[in-house]
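Nothing in this text is a laboratory measurement; each read-out follows from the coordinates by a stated rule. From a predicted model like this one, the values you see are computed outputs, not experimental measurements. Heads up, the Cβs are rebuilt from the backbone with ideal geometry, glycines too, and the neighbour counts pull from every protein chain shown.
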Amino acid sequence: MFKFKAEQKIFEVYGVKVGGEPGQLPTVMIGSIFYHGDKLVKDEKKGIFDKDRAEELLKKEEELAHQTGNPRMVDIVAASTTAMEKYIEFIADHTNSPFLVDGTTEDVKIAGVKYVSEVGLSSRAIYNSISTTTKQEELIAIRDSKITSAILLAINTRRPTIDGRIEVLSEENDGLIKIASKYGIEKLLVDPGVLDLPDPGPAAKTIHIIKEKFGLPAGCAAHNAIDLWSKRKKLSHDIRLIGNVVANIVPTIMGADFVFYGPISRAEQIYPAIALADAYIAYCMQQQYKVKPLTKDHPLYKIFK
């Protein structure tokens with residue numbers, strides 16, 4: 001394992017801490033719900049969904065978070081302004097977790113931040129996401145909503161490399177860090193993005209560099225690479241599962257503080273694997289660097305009982 005040169009920031013969003021040196025905090029798990037194609041959703045424009053099944057999945061994930069010690073955040077993905085409000089209300093009522101305001105268009109996301117501000121949920125909300133394509137109207141809406149947490153999506157379409165991703169963050173170039181801070185974002189969570197099938201490797205390396213250079217919490221949605229892999233349909237269920245686990249583990253080993261692991265229906269597959277990796281990392285950090293977990297709920301103390 002390794003320690004980073006930069007001082008590692010730890011941010012707390014509605015009781016969930018994220019960041020720090022490897023081994024200090026459990027990896028934060030971010031599962032998506034109500035996304036396009038989610039079987040829970042019956043009408044994505046009206047926001048009609050299977051509430052009983054949604055509650056069941058959320059409760060199961062909550063149990064896994066308790067069992068492993070890995071805290072969760074819920075990524076709410078909506079396709080309309082009406083649906084966004086209904087989804088946020090449901091998640092706020094049925095969980096005690098931070099949630100991400102996510103959507104298919106900027107109008108939907110703007111409606112989401114306005115809604116959380118109106119109903120007093122700004123402290124629980126994380127904006128997903130601010131990128132080089134985010135328009136000023138969107139940034140103003142975030143600022144006015146009093147949301148102080150956001151994902152910075154460090155994708156560089158002109159230079160889709162590790163160095164290109166770091167470039168779009170750089171404060172020297174009026175990068176995403178400076179822009180987000182200007183519009184009231186204090187808790188910056190960086191996602192280098194996953195662009196194609198083998199990209200979890202470069203994304204994981206970028207996460208390592210982000211933490212080394214900026215000291216900011218970082219993570220990614222490595223599962224996207226597996227979901228885009230057309231060959232996966234010809235593979236057995238077990239091989240697909242292993243692929244998804246490996247894709248999420250690689251960034252974790254490189255220092256990721258959070259993982260977008262995909263649909264919350266996959267929680268039972270991913271939580272135990274990430275928890276085990278966290279435990280191995282923490283035990284190594286404790287031996288080599290005298291770095292100890294900052295919480296008694298760390299997987300190191302949970303899964304080997």
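Could you sort out which of Lys9/Lys182; Lys86/Lys178; Lys3/Lys182; Lys60/Lys296; Lys5/Lys146 sit more than 26 Å apart by Cα distance in this structure? Could the numbers behind the result be given before it?
On the way: Lys9/Lys182 19 Å; Lys86/Lys178 33 Å; Lys3/Lys182 30 Å; Lys60/Lys296 22 Å; Lys5/Lys146 32 Å.
Going by Cα-Cα distance, Lys86/Lys178; Lys3/Lys182; Lys5/Lys146 fall outside the 26 Å limit.
The distance linking region 80-115 with region 128-157 is 15 Å (Cα centroid to Cα centroid, whole angstrom). Rounded to the nearest 500, the 222 nm mean residue ellipticity of the chain from helices alone is -14000 deg cm²/dmol, with -39,500 (n - 2.57) taken per DSSP H run of at least 4 residues. Remark: the Cα gyration tensor places region 185-303 in the oblate category, a/c being 1.5 or greater and a/b not exceeding b/c. In terms of the Cα gyration tensor, with a ≥ b ≥ c the square roots of its eigenvalues, is region 60-140 rounded because a/c is under 1.5, prolate because a/b exceeds b/c, or oblate? Note, shape of region 60-140 comes out prolate. Each of His298, His208 has some number of other Cβ atoms within 10 Å of its Cβ, and from fewest to most they run His208, His298. Each of Val16, Trp229, Gly47 was scored by the projection of its Cα onto the charge dipole of the chain, and the greatest displacement toward the positive side belongs to Trp229; charges sit on the C-beta of Lys, Arg, Asp and Glu.
Summing Cβ point charges (Lys, Arg +1; Asp, Glu -1) relative to the Cα centre of the chain gives a dipole of roughly 680 debye. The trypsin sites (Lys or Arg not before Pro) of region 100-189 that DSSP puts in a loop, and whose beta carbon has at most 16 other beta carbons within 10 Å, are Lys135, Lys146, Arg158.
Remark: for residue pairs Lys51/Lys302; Lys59/Lys233; Lys59/Lys205; Lys42/Lys114, the C-alpha separation exceeds 27 Å in Lys51/Lys302; Lys59/Lys233; Lys59/Lys205.
Which one of Ser123, Ile249, Met84 has its Cα pushed farthest toward the positive end of the charge dipole of the chain, where Lys and Arg give +1 and Asp and Glu give -1 at the Cβ? Final value for the positive-end residue is Ile249.
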